[in-house]
Amino acid sequence: MNEMSILDPVLLIAIPLGLAFLIPLLGLVSKKIVRWIPVVGFLFNGIVALLILPHVLKQPIIVKIGGFVPPFGINLYAGSVGMLLASLIAITGFLVSIYAVKYITKGAEQKYHILFLLLLTGATGVVLTGDIFNLFVFFEILCISSYALVAYLGTRSGLEASIKYLIQGSIGSSFLLIGIGLLYGQFGTLNMADLARQIVDYTEPSVFVSMVFMITGLGIEAAIFPLNAWLPDAHSSAPSSVSAVLSGIAIEVGLYAVIRVLFTIFAVSNFFIFFMVLGVLTVLIGEMSAFAQKNIKRMLAYSSIGQIGLIVFAFSISTQLGVAGGLFQMVSHTLGKALLFLCAGYMIFRTGSMEISSLEGIGKKMPITALCFTIGTFSIVGLPPFTGFASKFMIIRAALANGELLLQILIGLVLVGTIIEGAYFFKIIQTIYFKGAHKTDNREEAPVTALIPMLILVSFIIVIGMFPNIIDKVLQPAASELLDQVKYIGSVLG
Amino acid sequence: MNILYDYIYYAGAFGLIFIGIFTMMVKRNYIKVIIGLSILETGVNLFLISVGYISNGTAPIFSNPGIEAKNMVDPVPQALVLTAIVIGLAVLSLALSMAIRLYKHFGTLDLQQIKEQRW
Amino acid sequence: MSLELLIMFAFGGAFLTYLAGKISSKLRDIFALLCSVALVVIVSSLYKVETTITLYNGFFGMPLSMRLNPMAWFFAIAIVSSSALVVLYSMSYMKHRERTDYYYFMLLLINAAMLAIVLSGDLVSFFISWEIMSWSTFLLISYNRNAALPAGIKYIVMSLIGSMCMLVGIISIYTAFDTITISEIVQHMATATAGYKLFLLIIFSITFGIKNAVVPLHTWLPDAYAESPSPFSAVLSGMLTRMGIFGFLLIMFVMVGAENSLHMGRGFFSYHNILAWLGAITIVIPTFIAMLQNDAKKLLAWHGIGQGGYMIVGIAFGTSLGLAGGIFHTLNHAIYIILLFLSVGAIEYSTNGLRDLNSLGGLFKKMPIAFLGGLLGICGLIGIPLTNGFVSKWLIYKTLILGKAPFLAFATLLGTWGTILSVYKFLHNLYLGQLPQEHQNIKKTPLAMQIPIVILSLTILVFGILPGLPLKSINAMIVSFGFTPLTVSIWGISSETGTLNMINIFSILLVVVAIFWLIFQAARKSTAVDQYDNYAAGAAIPKDKYNYTVEFYAPFYRMATPYLRDIFDMLYQKIARFTEFACDNIRKIYTGYVSDYIIYIILFLALLISAQLKWSVF
Amino acid sequence: MIVIVTFLIVAMLAAAVSAYFFRDLLNAVIASCMVSLIAAVMFILLHAPDVAMAEASIGAALVTTVFVIAIRRTTRYEK
Amino acid sequence: MRKCIGIILLIIIAWGILTSLQTMPFGVSRAKVANHYINNGKDETGAANIVTSVVINYRAFDTLGEVTVLFLSAIGLGAVLATIKTREKRDTEKASLILSTGCRFLFPPIILFGAYIFIHGHLTPGGGFQGGAIIASAFLLMYLGCHGEKRLNDRCSTFSESLGGLAFVIIGLIGLAVGTHYFLNNFMPLGKFNTLLSAGVIPIIYIAIGFKVGAELSKIIDLLMEES
């Protein structure tokens, strides 16, 4: 373990935090450097996370903050799930921050970069932590920075979306705090493993009520059906690089927190049937309301709801295949949706309005961005050579594996949702390529700093789509870690 | 009667929580909703502290040598509430700064009229 | 020439053509032609080869493999040769149209995908190439803009539904038998229950039914054919829709195995009987609807559906004769439908985009080659003795009569009459009759267009006279399905129930034609009369086009239209309207009021709490 | 001792309810300030001096100030 | 309509909470983890105020997160309020002489009192957050008293804010680098119990937090007061 000392997962949180505090000082020195700090931060995060990932597949790293033994101090649980999501956050954050260097010009840029850096640090924190109050604090960092970033542009729609998001988010955090209070009152400890050890039967009323409070608190950020009313407004009126991160990472992290609570702390079993029905409901409502949208970013936001429903459905199958399928769908949705928002960002920047009708004939003016947008769409819909297909293949396989009739009906409904999703995405592709003016006046393609992240995301989508085994080696241990509560308790409490 | 005495703090805390939630649910003015939010947060903090209370315990501070560690009140919820109060302040100041911007854009703070973002 | 080199060459060729297009259009045309011709050479060199190669097992450890057997080779050679002809044809057709690199890229990509479908050894690579084919077809259907867009959406939605069913089928096979390589599935099939086999058959026939446009699932086809650019609609109708037939063969005979797919269910409600009747309905109704069309390509499209019915009937009957008839009909249909679309494309090219049957006519003097192609194509479509259509229809009729299915035979006969009537309208309105004034000086069809038309017409005749050539490879395919092979000779089939000898039919016809030609020459005293100086009731008819072919079947039209409206299309439109209405109202849940949203949250909380405490659901 | 506690809690709830009913936002803010002040006192009774100081200085003083500034920039009356 | 739905739902939730509160009788000691802190909190961290030892040592990560949240809200406030270009002047009449001199007179003692609170964080109740809040109220007094001529110096508040946060993170990293290789580890000698320079890192961190919270909260007030 000693050569691991420099590669300590806590650096993934401490270094970006230090950089964030450094930015105001550097801001006094010169405005130029500040723009590149998030890029450096996430590059560092990405490298450290990817170096740690192989070590973690078999034996998770338990980081004792402050040197105190877990139940008494806070511990970070850097298991395969945590490190997989942390590296995903770092890579996507790195790419989106390169995109944002040229994209964010108006408003207080220095403040934007700090908020962006801290948003993803909060996400990394939520993913790695092993203590429920620490989960609440990092969750709060994630939420407050997204409130501020949604209202960053100061437009009418941005402000309206952000106050609604703030009100619902803060209600969620209060419920989460009530849940934590109830749990602490009954079991006297805040450590996840210690709680898991003491909670024997989650169906007993007092434990169930605290579970419900925690799920509602976390579920609001995870955009499950009745709680996701904030998502369409927030993701459509935020600046595109922010909505790329919100849609790509923030909801996934919220959902990870819900899944960690359900699987590890409460070891839930037949609660998942309710959760499965909720997931399918989210898919249908997300896809159908996306079908009738006129504004492109709002449509992408609703399709995020649909995809989240699919991930919830996959996790609630609660078999090794199902959980691995859910994680894989998370990865492919993050890559695909971030790519779509980045492309949409510059398309809207060039055409000036978010209406789909204004995007006609953009394929001529911005060929590379339009191509990346098409590939992103194909990946989200789940057409073969891209990651979306591989993850959907895994989920359907998991659904059909144990042959229950309920699962087959639900997977049928999910596929109906996918067909509706295919319909409205292909309509956009037609608007981009086959409609609108023939005159190709000034061809202003997106700048290079925007094209590099898009093309890297496209290459990720194609490579992982063609060779899903690369990621499968990480998914299987991650799924077994999530499912196996006893091993979690053993590795943390020793 | 001692059932009431035992649960008076819980009753107070959850009373505040329910009043806060009810205000946020029903009221239309944005500032009034934020007031409801601050009451909700105070209620939650009160609940957390009353969870950690030990009847006839003492404050967890060894100010003079005479105090022994046996019946001290639980320090952990106090640490949590410290953080929660400051988080509450952070959220409220952000919310109210947006209220100022909102008023400049929409000219009203009535949430029923601020609904351009729907469907 | 190993298989993966072939696939690499096909897909690589498509990308390189696109890149070459960026450099210069001349280079791109030559490169595309070279690619397709090279493919033809490679595939024909693989004639008797039977190999299986596992490409890679990077996909969740499943071995994605390619295999070549007679069935795959038969379809591969058809795909590759038709794509070569179409690429040659579209070199001049797409000369001065914009976005031609994109067109060539998509065309070659579709052909490569079809090749990959046919050669795929396991279900997952089958599905992957199937999907690549459908979304690249979607991109090419919506190529010429405004009217093509709804057609493209209708196509992609129906093919998505189909591929979702197929995906569920493939994955249920994988979970049940834990293997996806097609050859191994047959052994496991014995262990499967009858219900599971029926489920598999139904799921896969929905997918292949949509692709092959069997009646209830055919509504996407007419718009897709009519709106896509002519060379592509040739490929679309010729080969792409016949992937459905390839699929039916795959599922019924290769995967589920001939014996249990033919004995599925009892009496009338047995699987293959219902399929046969569906095929019969597909023959009759679309052919009569074709008569009512005024747009040349729509008419051909409805015929495409009709002819598809023949193949289904042939295959569904399950005797080696029927199978040979069905598969041979697939090949023949591909040849003459491509020929017809190319000739319509030639007309479209020279009258720049005009294909309305009522405003054309008398083009045979101006465009003799196109007329020749049209004429031979139509003879093949009807099944006049000397053409290849006759041989395959003869085989199908024989199976129906031998199989003692009089009603099916009557339905197919009815279909042929319908074809004759509507096809005559097609030929007459386009080529015969008077040449309208404005078409006096139309452009000549360029050479690059004429060569494919000539080649295809020749193949119709050659296959018509010497049917043995294709029947030999069809025979090899039937053997691979486990049926008794037909005794095939170069000029036809000799079986105990009646031999088909094309050579003497050819010689008899030759003699008869020679006699009539002599009589005609002898009595040739009458002077050539100009088309325009004809009189009606004593008065000279105005110089302009006197065309009595407008509204050709008006009386039938008025009588039959109420019955021949496409009820399935209306049904699907209603479903589409309903989903749109539902989508519009579902999103009303997000009302924009924050208090509503908070009530949703509290409702969720209260629901969960009451579910557990009051009814202890969990 | 118990009587004082019940009185304080009843006063706190009354202040919270009055914050709900006041139409003039300034009164409502002052009522919510009353709530957090009484909460600070409650914290002392619950033997949590740190939290009482934090609640008093942050909850009562700063939150109320931010509210008053916000009301000064926007409207004072609810409708 | 909305009111009665709300009431019904809240009643159901109240009923749920009531059932779960039965298992948590009021005032009965149950917490195992807390007993560990109380019993050997004194010798492990050397701080007299156990709450401070929990806040800074045992659960230091929460406080780091907490400080980030405060930093975030100041930055977020700046981002949201920065979007308005026009700064129309408000006509405020000058405060009377007595008020302004009184404020100027009271300002230093309050700052001193705040400093006292966060320096003695580990001995007496109170700490960085409470001390910072008191300092912020001192600045608030200046804003209320002599509005217009006295304003928070923006540069030095940014300096103290960033340096405070950086100090906290750097102390954590030093803990990682030196001593027993744990992040935020108390590597300094604990010193004599109940004296000012005892309890290792705790006073240093609390002073840094005090500065940071003081600067941040006064910056929030400055932003809000000076916004228009």
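Give me the tail of P(r) for segment E:93-228 as a percent: Cα-Cα pairs with distance above 28 Å.
Values: 2545 of 9180 pairs.
The calculated P(r) of segment E:93-228 puts 28 percent of pairs beyond 28 Å.
Remark on C:Leu55: its backbone amide H falls under 5 Å from those of C:Leu64, C:Ser65, C:Met66, a criterion applied only to residues 5 or more positions apart or on other chains, H modelled at 1.01 Å from N. Within straight-line reach of A:Lys365, meaning a Cα separation under 14 Å, sit the following aspartates and glutamates at least 8 residues removed in sequence or on another chain: A:Asp441, A:Glu444, A:Glu445.
Ranking request for peptides B:11-22, B:36-47, C:502-513: highest mean number of other beta-carbon atoms within 10 Å first, then the rest in descending order. The partial results should precede the final answer.
Numbers: B:11-22: 23.7, B:36-47: 27.8, C:502-513: 12.9.
Most protected by this proxy first, the peptides run B:36-47, B:11-22, C:502-513.
Can you order the peptides C:455-465, A:222-232 by their average number of other Cβ atoms within 10 Å per residue, highest first?
Numbers: C:455-465: 20.0, A:222-232: 26.5.
Result, highest mean Cβ count within 10 Å first: A:222-232, C:455-465.
Among A:279-290, A:299-310, sorting by the average number of other beta carbon atoms lying within 10 angstrom of each residue, highest first, gives A:299-310, A:279-290. Comparing Cα centroids, segment A:351-424 and segment E:154-222 end up 49 angstrom apart. Once you divide the Cα radius of gyration of chain C by 2.2 N^0.38 Å, the number left is 1.05.
If R0 is 56 Å, what FRET efficiency do you get for E:Ala82 and A:Leu51 from their C-beta distance, rounded to 0.05?
On the way: r = 39 Å, r/R0 = 0.69.
The calculated FRET efficiency here is 0.90.
What do you get for Rg/Rh over segment C:572-613 if you use C-alpha atoms and the Kirkwood form of Rh?
On the way: Rg = 15.8 Å, Rh = 12.6 Å.
Using Cα coordinates only, the ratio equals 1.25.
Suppose R0 equals 51 Å; then what is the FRET efficiency for B:Asp110 and C:Glu98 from their Cβ-Cβ distance, rounded to the nearest 0.05?
Numbers: r = 54 Å, r/R0 = 1.05.
Computed FRET efficiency for B:Asp110 and C:Glu98: 0.40.
Over all directions, the projected convex hull of the C-alpha atoms in segment A:334-460 averages 8.3 nm² in area.
Please work out, to two decimal places, the log10 of the ratio I(q)/I(0) at q = 0.08, 0.13, 0.14, 0.18 Å⁻¹ from a Debye calculation in which every Cα of chain E carries one identical scatterer. Values, matching the q order: -0.44, -0.91, -0.96, -1.19.
Let me confirm one metric for peptide A:148-157, namely the mean number of other chain beta-carbon atoms within 10 Å of its residues' beta-carbons.
On the way: counts 11, 2, 1, 9, 5, 2, 10, 2, 7, 3.
The mean count of partner-chain Cβ atoms within 10 Å per residue comes to 5.
Expressed as a whole percent, the proportion of Cα-Cα pairs in segment D:2-73 lying more than 16 Å apart is 50%. Among the aspartates and glutamates, which have Cα under 12 Å from the Cα of A:Lys294 when same-chain residues fewer than 8 positions away are ignored? Excluding near neighbours in sequence, the set is A:Glu355, C:Asp584. Over all projection directions, the Cα-based convex hull of segment C:20-60 averages an area of 5.0 nm².
How would you classify segment C:113-219 from its alpha-carbon gyration tensor, with a ≥ b ≥ c the square roots of the eigenvalues: rounded for a/c under 1.5, else prolate if a/b is greater than b/c, otherwise oblate?
Details: a/c = 3.15, a/b = 1.89, b/c = 1.67.
Here segment C:113-219 falls in the prolate category.
Both numbers refer to the Cα atoms of segment A:253-364; Rg and Dmax are 16.8, 54 Å.
Averaged over the residues of peptide A:382-395, the number of Cβ atoms from other protein chains lying within 10 Å of each residue's Cβ is 4.
Note on segment A:2-493: percent of Cα-Cα distances in each 20 Å bin, starting at 0 and stopping at the bin with the largest distance, equals 25, 60, 15, 0.
Given an 8 Å cut-off on Cα distances and at least 6 residues of separation, report the relative contact order of chain A as a percent. Relative CO of chain A lands at 16 percent.
Using the eigenvalues of the Cα gyration tensor, what equivalent ellipsoid semi-axes result for segment C:305-404 when each is taken as the square root of five times the eigenvalue, whole Å, largest first? Before the final figure, lay out each step's value.
Values: eigenvalues 212, 30, 19 Å².
Over the Cα atoms of segment C:305-404, the semi-axes work out to 33, 12, 10 Å.
In the elastic network of chain E, a GNM with C-alpha springs shorter than 10 Å, the most mobile of E:Gly16, E:Gly172, E:Gly78 is E:Gly16.
Model label sites at E:His36 and C:Tyr424, defined 7 Å from Cα along the beta-carbon direction, differ in position by 9.8 nm.
Once you have the Kirkwood Rh of the protein assembly as shown from its Cα pairs, apply Stokes-Einstein at 25 °C and 0.890 mPa s and quote D in µm²/s.
Values: Rh = 36.0 Å.
Answer, rounded: 68 µm²/s.
Applying 1/(1 + (r/R0)^6) with r as the Cβ-Cβ distance of C:Val617 and E:Ile8 and R0 = 22 angstrom yields a FRET efficiency of 0.65.
Beyond a 31 Å Cα-Cα separation, which of these cross-linked pairs lie in this structure: A:Lys106/E:Lys94; B:Lys115/E:Lys3; A:Lys111/E:Lys3? Spell out each step's value before the answer.
Details: A:Lys106/E:Lys94 36 Å; B:Lys115/E:Lys3 21 Å; A:Lys111/E:Lys3 41 Å.
Check vs 31 Å cut-off fails for A:Lys106/E:Lys94; A:Lys111/E:Lys3.
With loop membership from DSSP and a limit of 12 other Cβ atoms within 10 Å, the longest segment of chain A without trypsin sites (Lys or Arg not before Pro) is A:107-293. For the peptide A:114-121, the mean number of other protein chain Cβ atoms found within 10 angstrom of a residue's Cβ is 3.
Every read-out reported here was derived from the displayed coordinates using simple, explicitly stated rules and does not represent laboratory data. Quick caveat, the model's predicted, so the values are computed rather than measured. Cβ: placed from backbone, ideal geometry, glycine included. Neighbour counts: every protein chain shown.
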